[in-house]
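See structure below.
The values are calculated or read from the model by the stated rules, or taken from the named source; none is laboratory data. All figures in this text were calculated on a predicted structure; none of them were measured in a lab. Glycine also receives a Cβ, built like all others from the backbone with ideal geometry; neighbour counts cover every protein chain displayed. When the accessible area is computed, the model is the full protein with side chains, heavy atoms only, and any ligands, DNA or RNA have been set aside. Shrake-Rupley method; radii C 1.70, N 1.55, O 1.52, S 1.80 Å.
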Amino acid sequence: MLSDAIACIGFSWIASPACTELETVMMDWLAKALGLPDHFLFSSGGRGGGVIQGTASEASLMVFLGARNDAIAKLQAAEPQGEPCELLARLVAYTSEEAHSSVERAAKLAFVRIRSLKTDEKHSLRGDALKQAIAEDRAKGLVPILCIATLGTTSSCAFDNVRELGQICNREGLWCHVDAAYAGSALLCPELRNFADGIELADSFNFNPHKWMLVTFDCSALFLRDASKIVEIFSADPIYLKHEFTGQPDYRHWQIPLGRRFRSLKIWFVMRCFGISGLQAYIRKHVSLAKEFEALILANGRFEVVEEVTLGLVCFRLKGANEATEALYRTLREDQRIHLVASKFHSSGVYFLRFVVCSSQCESKDIRFAHSVIMEAANKLAK
Ligand code: PLP
């Protein structure tokens, strides 16, 4: 409410120094709270830093455009006669078959070819798959530029192996981006950080505080190791936007729109109201409610859980052919007392239901209620 009432349109530092400067401080607070590597912090004194985008989709697009233009500039330096549009046709990016559809869309918008690579039995993209794809593509004369890893896939909250992928990217000269739209908030809890092993190898990292950190929509935090790769391609300096001050970032070069709202106030209020310990308690409560649901589901031998429950998502199904779970889903939708979304693994075609704890008001009684509705529906189907 305050952010809207101020009606600030902080497109450059001079348009609203407070809007820019609070954002740089909040981005550093967030990076420290999540245990992100120093190169993502402004206060580290390097070229890195964070910026608030509207959504994870925009963050992926920014990364695509940055990686694309960086690659074209390097190719042109080596082949000065090369036309950018011809060089563009040789670029290739990689992601996992379980990545969010926004990654594929970002590739389409950036006009860069993308390959969705097969995952292992835990639906995790591993280094070997990336290594093989890079070798195949180089042999065809293509130029690998970017790998987008996911921590917490949308379907089942699986985790790509960022250490393996990051090592290959660093060695082969690819940009390594990590999309942790949902799961990133869990890094507030040190005991949950294992899934982000190798994050220090990433060139950029994104998560949505509006998904699981009590910040209202929209607020997507993008951290860059070397912001100049984005700033340079987005810079356009008409006279009406010029100013002399260079001591702070001009966020207009870090995003697609020019105008921007005072979204860092939302992070400031949430951090000050709940504190790190309050936010950790919130995440831990959701994880424990998800475990409670998992135990209830597994107590019935007709059901199985198809992905390890790490955070707030439980992926479950009726054992056997997909048709039984599809029928259960239809029954639950007709019943209308609870809302679930279904999904399917790309590799196996296994269909499952996704139960996710995401309401700030959620309590154990809600978990037991949802479970009883699911059992009622399953019993009705069995009859
Ligand atoms: N990436 C992942 C892993 C997601 O789960 C989602 C949304 O569910 C997105 C990206 C897209 O998020 P946004 O709505 O912020 O673009």
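So, in the stretch 191-207, exactly how many residues are surrounded by 20 or more Cβ atoms within 10 Å (Cβ to Cβ) and of a type in the set (S, T, N, Q)?
So the answer is 2.
Matching residues to (1) of a type outside the set (Val, Ile, Thr); (2) touching a residue at least 12 places away in the same chain (Cβ under 8 Å); (3) out of contact with any helix residue (DSSP H, G or I) (no Cβ under 9 Å at 6 or more places or on another chain):
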| residue | (1), (2), (3) |
| --- | --- |
| 256 | no, yes, no |
| 267 | no, yes, no |
| 271 | yes, yes, no |
| 296 | yes, yes, no |
| 302 | yes, yes, no |
| 323 | yes, no, yes |
| 345 | yes, yes, yes |
| 356 | no, yes, no |
| 360 | yes, yes, no |
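Return only the number of the condition from (1) closer than 28 Å to residue 123 by Cα; (2) modelled with pLDDT under 95 that residue 371 does not satisfy.
In the conditions (1) closer than 28 Å to residue 123 by Cα; (2) modelled with pLDDT under 95, residue 371 misses (2) alone.
Checking the condition open to solvent by 30 Å² or more (accessible area, probe 1.4 Å) and not aromatic (Phe, Trp, Tyr), which residue from 260, 225, 252 passes?
Working: 260 fails: open to solvent by 30 Å² or more (accessible area, probe 1.4 Å); 252 fails: open to solvent by 30 Å² or more (accessible area, probe 1.4 Å).
It is 225.
If you check 190, 209, which single one turns out to be more than 14 Å from residue 63 (Cβ to Cβ) and out of contact with any strand residue (DSSP E or B) (no Cβ under 9 Å at 6 or more places or on another chain)? Outline the logic, then answer.
Values: 209 fails: out of contact with any strand residue (DSSP E or B) (no Cβ under 9 Å at 6 or more places or on another chain).
The match here is 190.
From 57, 101, which residue is among the hydroxyl-bearing types (Ser, Thr, Tyr), open to solvent by 10 Å² or more (accessible area, probe 1.4 Å) and either under 23 Å from residue 261 (Cβ atoms) or away from the ligand (no atom under 16 Å from the Cβ) (or both)? Break it down stepwise before answering.
Values: 101 fails: either under 23 Å from residue 261 (Cβ atoms) or away from the ligand (no atom under 16 Å from the Cβ) (or both).
After applying the criteria, what remains is 57.
Is there any pair with a first residue in the stretch 80-91 that is within 15 Å of residue 140 (Cβ to Cβ) and a second that is part of a loop (DSSP other than H, G, I, E, B) and not polar (S, T, N, Q) whose Cβ atoms are under 6 Å apart and which are 6 or more apart or on different chains, and what are they?
Qualifying pairs under 6 Å: 90/142; 91/112.
Within the stretch 30-54, can you find the residues that are part of a loop (DSSP other than H, G, I, E, B) and either away from the ligand (no atom under 16 Å from the Cβ) or touching a helix residue (DSSP H, G or I) at 6+ places or on another chain (Cβ under 6 Å) (or both)? It would help to see each step written out before you state the result.
Narrowing the stretch 30-54 to residues part of a loop (DSSP other than H, G, I, E, B): 34-37, 41, 45-48, 54.
Selection gives 34, 35, 36, 37, 41, 45, 46, 47, 48.
Just to be sure, is residue 240 open to solvent by less than 30 Å² (accessible area, probe 1.4 Å) and closer than 16 Å to residue 12 by Cα? Show your work before the answer.
Numbers: open to solvent by less than 30 Å² (accessible area, probe 1.4 Å): no; closer than 16 Å to residue 12 by Cα: yes.
The answer is no for residue 240.
Go through (1) hydrophobic (A, V, I, L, M, F, W, C); (2) open to solvent by less than 20 Å² (accessible area, probe 1.4 Å); (3) more than 16 Å from the ligand (Cβ to nearest atom); (4) more than 19 Å from residue 176 (Cα to Cα) one by one and return the number of the condition residue 276 breaks.
Every condition holds for residue 276 apart from (2).
Is it true that some residue in the stretch 299-322 is loosely packed, with under 15 Cβ neighbours inside 10 Å and part of a helix (DSSP H, G or I)?
So far as the stretch 299-322 goes, no, none of its residues is loosely packed, with under 15 Cβ neighbours inside 10 Å and part of a helix (DSSP H, G or I).
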